[in-house]
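Data block below; observations after.
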Amino acid sequence: MVEAAETADRAISDPRPRTNDKTMAVTLIAAHGLEHLYAHSFPVLVTAIYGDLGLVPLQAGVLSAVRQLTAGVTSIGSGFFVDIFRHRSGQVLAFSMATIGLGYFLVSIAPSYLFILFALFIASAGSALWHPPALGLLSERFPRRRGWYISLHRSTGNIGDLIGPLVAGLLLGGFSLHWILGGVWTVDPLSWRWIMGGGTPMLIVLSIIVLILLWNVTGDRPGPVNLRNKLGT
């Protein structure tokens, strides 16, 4: 009944129909888990990158540092601009997914260590770009159940954090499955490049789905924005 009341209030104030609450919530929460599954397989793949490129320990550490630094800086900037262009939240979320896929695809074809750092910058920026609009939408649509929906969003991310490294480790090392009827299905070890690049099509498709489902997630475009007032608040 709480959600019904919230929806009724919005229907009166919004002249244009927009993405309904359930579609928005399911899209955001599910996509977040898949994004984490892909992105958090990277720490496992660092071990293979380390050996393949002949890195020293400090260089391997810089890979992680670039991801974290980029994510932090992007989160600050993206939060500000998402507040200004909130009517484009659906497009921003789709762009975020596509950017993650592009960044890790560039990692997979990187010819050098410096190119990997550049590609990680792109991928990490895309990942950080997801959270401000996603959490903002959940908070706005479900003001009385904000904590519940944000915790669901975070929990699917944790599930992705759990599954991603396991899948990456299995693919990197290879594995065999023994069936009840006696058959054996063997997967040979894959290169870290194939694993990194292999997830890009999934994220591109996911970005298209997000774009379609959340195109009008915030309804009408607001009036002109006074940047001076925004910067002063």
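Would you confirm whether or not region 6-18 contains a residue that is modelled with pLDDT of 90 or more and touching a helix residue (DSSP H, G or I) at 6+ places or on another chain (Cβ under 7 Å)? No, because not a single residue in region 6-18 is modelled with pLDDT of 90 or more and touching a helix residue (DSSP H, G or I) at 6+ places or on another chain (Cβ under 7 Å). Could you tell me whether any residue of region 86-94 is modelled with pLDDT under 85, part of a helix (DSSP H, G or I) and either among the hydroxyl-bearing types (Ser, Thr, Tyr) or over 19 Å from Gly199 (Cα atoms) (or both)? Yes, because at least one residue in region 86-94 is modelled with pLDDT under 85, part of a helix (DSSP H, G or I) and either among the hydroxyl-bearing types (Ser, Thr, Tyr) or over 19 Å from Gly199 (Cα atoms) (or both). Looking at the structure I just gave you, is Trp148 of a type in the set (Phe, Trp, Tyr), closer than 29 Å to Val107 by Cβ and modelled with pLDDT of 90 or more? No; evaluated as a whole, the condition is false for this residue. Contact map, region 140-160: first residue part of a helix (DSSP H, G or I), second residue among the β-branched types (Val, Ile, Thr), Cβ cut-off under 8 Å, separation 6 or more or different chains; pairs are Tyr149/Ile29; Leu152/Ile29; His153/Ile29; Thr156/Ile29. For region 54-78, a residue qualifies if it is assigned to a helix (DSSP H, G or I), small (Gly, Ala, Ser) and more than 15 Å from the chain's Cα centre (by Cα), and the qualifying residues are Ala60, Gly61, Ser64, Ala65, Gly77. Scanning region 133-146 for residues that are surrounded by fewer than 24 Cβ atoms within 10 Å (Cβ to Cβ) and within 26 Å of Leu69 (Cβ to Cβ) returns Leu135, Gly136. If you check Ala119, Ala110, Ala71 for being among the aliphatic types (A, V, I, L, M) and buried (at least 21 other Cβ atoms within 10 Å of the Cβ), only one passes: Ala119.
The values are calculated or read from the model by the stated rules, or taken from the named source; none is laboratory data. Note that this is a predicted model, so its numbers are computed, not measured. Glycine gets a Cβ as well: all are built from the backbone with ideal geometry, and neighbour counts include every protein chain shown.
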